[in-house]
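S.K.: Quick one: the structure is below, questions incoming.
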Amino acid sequence: MDWSLRIQLPAAQANTPSSDLLAHPDFTKPFHLQMDASNVGLGAVLLQSDDNDQLRPIAYISRSLTKAEQ
């Protein structure tokens, strides 16, 4: 079992809506960008408020850092 993944999941779930589906973007509304970084990787989520003012994910992106970037 990967304990690091198990520890990180509750925190990740608390920051996302109950639906696991990506929302379709509405280009008439503003977007929100949440980013995070560590010594080994980068990640970001593009979010947008729905009709109930809940932030919904539009897209996710992440990547590992190269040895030179670390």
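S.K.: Pull up all non-local amide H partners of Gly41: gap of 5 or more, or a different chain, and H-to-H distance under 5 Å with H placed in the peptide plane.
M.R.: Leu65
S.K.: Each residue of segment 51-68 in order: what ³J(HN,Hα) in whole Hz does its phi give by Karplus 6.51 cos²θ - 1.76 cosθ + 1.60, θ = phi - 60°, with x for Gly and Pro?
M.R.: The phi angles translate into 5, 9, 6, 9, 6, 10, x, 9, 7, 10, 8, 7, 7, 7, 7, 6, 4, 5 Hz.
S.K.: What is the local net charge at Arg63, summed over the other residues whose Cβ is closer than 15 Å to its Cβ (Lys, Arg +1; Asp, Glu -1)? Could the numbers behind the result be given before it?
M.R.: Numbers: positive: Lys67; negative: Asp36, Glu69.
Here the count lands on -1.
S.K.: So what's the net charge close to Asn39: Lys and Arg +1, Asp and Glu -1, counting the other residues with Cβ under 15 Å from its Cβ? Please report the intermediate quantities before stating the final value.
M.R.: Values: positive: Arg63, Lys67; negative: Asp36, Glu69.
So the environment of Asn39 carries a net charge of 0.
We did not get these values from a lab; they are worked out from the coordinates using the rules stated. From a predicted model like this one, the values you see are computed outputs, not experimental measurements. A quick note on method: Cβ atoms are made from the backbone with ideal geometry, for glycine too, and the neighbour counts reach across all protein chains shown.
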